[in-house]
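Below is one structure, written out as structure tokens; comments come after it.
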Amino acid sequence: MYSFAYHKPTSVKDAAGAFAKGSEARYLAGGHTLLPSMRLRLSHPSDLVDLAGVAELKGIKVDGGTVTIGAMTPHGEVASNAAVAKAIPALAKLAGGIGDPQVRNRGTIGGSLANSDPAADYPAAVLGLGATIKTNKREIKADDYFKGLFETALEDGELITSVSFPVPEKAGYAKFANPASRYAIVGVFVAKTKGGVRVAVTGAGPCAFRQAAMEKALSGGFTADAVANVKHAASGLNSDLHASAEYRAHLVTVMAKRAVAAAS
């Protein structure tokens, strides 16, 4: 690990200020990706801005038809929050299936979305529910956020402050998990919302994406049978030691059926 300057701000303003002063600064949320890469000397920030002490980035609020989660809220708190479980059961279930207890009590929604790991769970919920990602500079719609492999719409120094999820009529999530890491080899989030049906896939491609053919099929009837014969092309999907692109393509349909069944 290379040397770096450490900052522990207590406000979003101070955090952004500390970041701006560093030549190669990085924000630290849960640290599950950044710290291991630093130990391996694959990442060497000049400044590390620890967000753990910024109280305004934490907390959960359910107001009418919206669930708002602070960026530094751990997965475990989302999973165990009764208000979230009542408003969007699928979101609480998704959070409860991330990693293991250690990961769920340290990892945060903001860190997950800023990192945008192709196999992370939260991107599927954000895209599937049509959430809004709020930063210290602006609001970003879910459809405009995910750009590619570990690539998002965030600008340099831009800090996620919260994520707002509109409460759907019904929603479900299903994933085929890596048995060791619990990352999604393929995960599918489906939601029936006031604006229509949304189907979001994680784990299969370089970043989370929507499955338009399944959305169209489910708009005609929100049942597992509606997507049973909708096939996803293997072209452009991830292929690694865990699963081939062809197998991931098959899993998109299987997990979609299970997600719809869970929602119903």
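When ALA95 is tested against (1) over 29 Å from TYR6 (Cα atoms); (2) free of Cβ contacts under 8 Å to residues at least 60 places away in the same chain; (3) in contact with a strand residue (DSSP E or B) (Cβ under 6 Å, 6 or more places away or on another chain); (4) buried (at least 18 other Cβ atoms within 10 Å of the Cβ), exactly one condition is not met: (3). In segment 199-257, the qualifying residues are those that are under 23 Å from GLY130 (Cβ atoms) and basic (Lys, Arg), and the one that is surrounded by the most Cβ atoms within 10 Å (Cβ to Cβ) is LYS257. The C-beta contact set for segment 120-136 (first residue assigned by TED's automatic domain parsing to the domain that holds LEU91, second residue of a type in the set (Asp, Glu) and not in a strand (DSSP E or B), distance under 6 angstrom, 6+ apart or interchain) comprises THR135/GLU158. Kindly indicate the residue of segment 174-202 that is of a type outside the set (Val, Ile, Thr) and in contact with a Lys or Arg (Cβ under 6 Å, 6 or more places away or on another chain) and also nearest to GLY30 (Cα to Cα) among those meeting that condition. Top of the filtered list is ALA184.
To keep it simple, each residue is scored yes or no on (1) touching a helix residue (DSSP H, G or I) at 6+ places or on another chain (Cβ under 8 Å); (2) β-branched (Val, Ile, Thr).
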site: LEU149; (1), (2): no, no
site: VAL163; (1), (2): yes, yes
site: GLU169; (1), (2): no, no
site: LYS194; (1), (2): no, no
site: PRO206; (1), (2): no, no
site: PHE222; (1), (2): yes, no
site: HIS232; (1), (2): yes, no
site: ALA245; (1), (2): no, no
site: HIS250; (1), (2): no, no
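Per this entry, PHE189 is not counted among residues that are touching a Cys at 6+ places or on another chain (Cβ under 8 Å), of a type outside the set (A, V, I, L, M) and closer than 16 Å to ASP121 by Cβ. Meeting the requirement of 1 or more residues that are among the small types (Gly, Ala, Ser), the helices (runs of 4 or more DSSP H) wholly within segment 67-180 are 75-80, 82-87, 89-96, 109-115, 122-129, 142-145. Screening LYS21, LYS61 for residues that are surrounded by fewer than 19 Cβ atoms within 10 Å (Cβ to Cβ), among the charged types (D, E, K, R) and in contact (Cβ under 8 Å) with a residue 12 or more places away in the chain leaves exactly one candidate, LYS21. Taken over segment 150-170, residues that are touching a Ser or Thr at 6+ places or on another chain (Cβ under 8 Å) and either closer than 15 Å to GLY110 by Cβ or hydrophobic (A, V, I, L, M, F, W, C) (or both) amount to 12.
The values are calculated or read from the model by the stated rules, or taken from the named source; none is laboratory data. Only a predicted model underlies this, so the values are computations on that prediction, with no experimental measurement involved. With ideal geometry, Cβ positions are generated from the backbone for all residues, glycine too; neighbour counts draw on all protein chains shown.
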